[in-house]
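The values are calculated or read from the model by the stated rules, or taken from the named source; none is laboratory data. If you're wondering where the values come from, they're calculated on a predicted model, not measured in any experiment. Neighbour counts are summed over all protein chains in view; Cβ atoms, including those assigned to glycine, are modelled from backbone coordinates with ideal geometry.
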Amino acid sequence: MKKIRFRYSRGEELKYISHLDMMRLWPRVFRRAGLDMAYSEGFNAHPRLAVAAPLAVGWTSETELMEAWLENPPAASTVLGLVAARMPAGVTVEQAMFMPQESPSLQSLVRFAEYQVTLPLDRPAAQIGQAVDNLLELTTLEWSHQRDKTTRTYDLRAQIDDMYVVGTQDDAVTLFMRLKNDPSGSGRPEQMALALGFTAKPRSIHRTRLVLA
């Protein structure tokens, strides 16, 4: 049994499928590729695989990371070719590499996630840039939002590592955000947009990088 790490992208075609759907997709792809997955022990055995940080519904990404445990797999390059050829449109598998069995889990290694967030250009770009600077100058920002039936209160500023205006085009502005994403919690681009004064939802959220410890 070997642990193998994949790096892959998710495009527009699959941005509305859930994390659970993606976790169901991988075992089907491995079966079609003729690769045997290792399973957990116990009465309800399940395929052994784990992602670094689940991608929210509606987002796209070029930097997803997933690890799977395979029984007697061929070379990593062969695994990559077999898996890539059987992925549906919208998922591009770009790298596969074997990892030491004792290496830490992906989820425990993630520290930050980087995003390109596109929003409606609702004011002059200079004012948006000033709003970003004002937010970064804060030491704390008490914040609360409701999710399902639970209201969560936390320090929003502590979730921001960096942020700036990338540029504007037509009626849209694109922001770069490097947000905290570790076992203690993760920053959400939508909440950052609200803190900057945007009232409309982001037009797109694209994850460009996961920063590991």
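Structure summary
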{"quantity": "Within the stretch 49-60, tally of residues that are assigned to a loop (DSSP other than H, G, I, E, B) and surrounded by 17 or more Cβ atoms within 10 Å (Cβ to Cβ)", "calculated": "4"}
{"quantity": "Matching residues in the stretch 63-85 - criterion: being among the aliphatic types (A, V, I, L, M) and in contact (Cβ under 8 Å) with a residue 12 or more places away in the chain", "calculated": "Leu65, Met66, Ala68, Leu70, Ala76, Val79, Leu80, Leu82, Val83, Ala85"}
{"quantity": "Some residue of the stretch 98-108 being within 23 Å of Lys15 (Cα to Cα) and surrounded by fewer than 13 Cβ atoms within 10 Å (Cβ to Cβ)", "calculated": "no"}
{"quantity": "Flag if Val117 is more than 17 Å from Phe198 (Cα to Cα) and either touching a Phe, Trp or Tyr at 6+ places or on another chain (Cβ under 6 Å) or modelled with pLDDT of 95 or more (or both)", "calculated": "no"}
{"quantity": "Verdict on Pro88 being touching a residue at least 12 places away in the same chain (Cβ under 8 Å), closer than 23 Å to Thr208 by Cβ, surrounded by 13 or more Cβ atoms within 10 Å (Cβ to Cβ) and not hydroxyl-bearing (Ser, Thr, Tyr)", "calculated": "no"}
{"quantity": "Set Pro120, Pro74, Pro47, Pro88: member being more than 24 Å from Asn181 (Cα to Cα), assigned by TED's automatic domain parsing to the domain that holds Met192 and either under 23 Å from the mean Cα position of the chain (by Cα) or not small (Gly, Ala, Ser) (or both)", "calculated": "Pro120"}
{"quantity": "Any hit, the stretch 9-24, residues being more than 14 Å from the chain's Cα centre (by Cα), surrounded by 13 or more Cβ atoms within 10 Å (Cβ to Cβ) and either in a strand (DSSP E or B) or in contact (Cβ under 8 Å) with a residue 40 or more places away in the chain (or both)", "calculated": "no"}
{"quantity": "Residue count, the stretch 177-195 (criterion: under 15 Å from Val117 (Cβ atoms) and out of contact with any Leu (no Cβ under 8 Å at 6 or more places or on another chain))", "calculated": "5"}
{"quantity": "Filter pass, Gly58 being small (Gly, Ala, Ser), outside the structural domain of Leu196 (by TED's automatic domain parsing) and out of contact with any helix residue (DSSP H, G or I) (no Cβ under 7 Å at 6 or more places or on another chain)", "calculated": "yes"}
{"quantity": "The stretch 31-55: number of residues that are on the phi < 0 side of the Ramachandran plot and touching a residue at least 40 places away in the same chain (Cβ under 8 Å)", "calculated": "8"}
{"quantity": "Qualifying residues in the stretch 61-91 (those that are in a strand (DSSP E or B) and of a type in the set (D, E, K, R)) - the one farthest from Asp21 (Cα to Cα)", "calculated": "Glu71"}
{"quantity": "All strands (runs of 3 or more DSSP E) inside the stretch 149-206 with 3 or more residues being without any contact (Cβ under 8 Å) to a residue 12 or more places away in the chain", "calculated": "150-155"}
{"quantity": "Only listed residue being among the polar types (S, T, N, Q), within 20 Å of Ala126 (Cα to Cα) and in contact with a Leu (Cβ under 7 Å, 6 or more places away or on another chain), chosen from Thr168, Thr199, Thr174", "calculated": "Thr168"}
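Table: residues versus (1) modelled with pLDDT under 95; (2) surrounded by 12 or more Cβ atoms within 10 Å (Cβ to Cβ); (3) over 23 Å from the mean Cα position of the chain (by Cα).
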{"position": "Thr151", "(1), (2), (3)": "yes, no, yes"}
{"position": "Tyr154", "(1), (2), (3)": "yes, yes, no"}
{"position": "Asp161", "(1), (2), (3)": "no, yes, no"}
{"position": "Ala213", "(1), (2), (3)": "yes, no, no"}
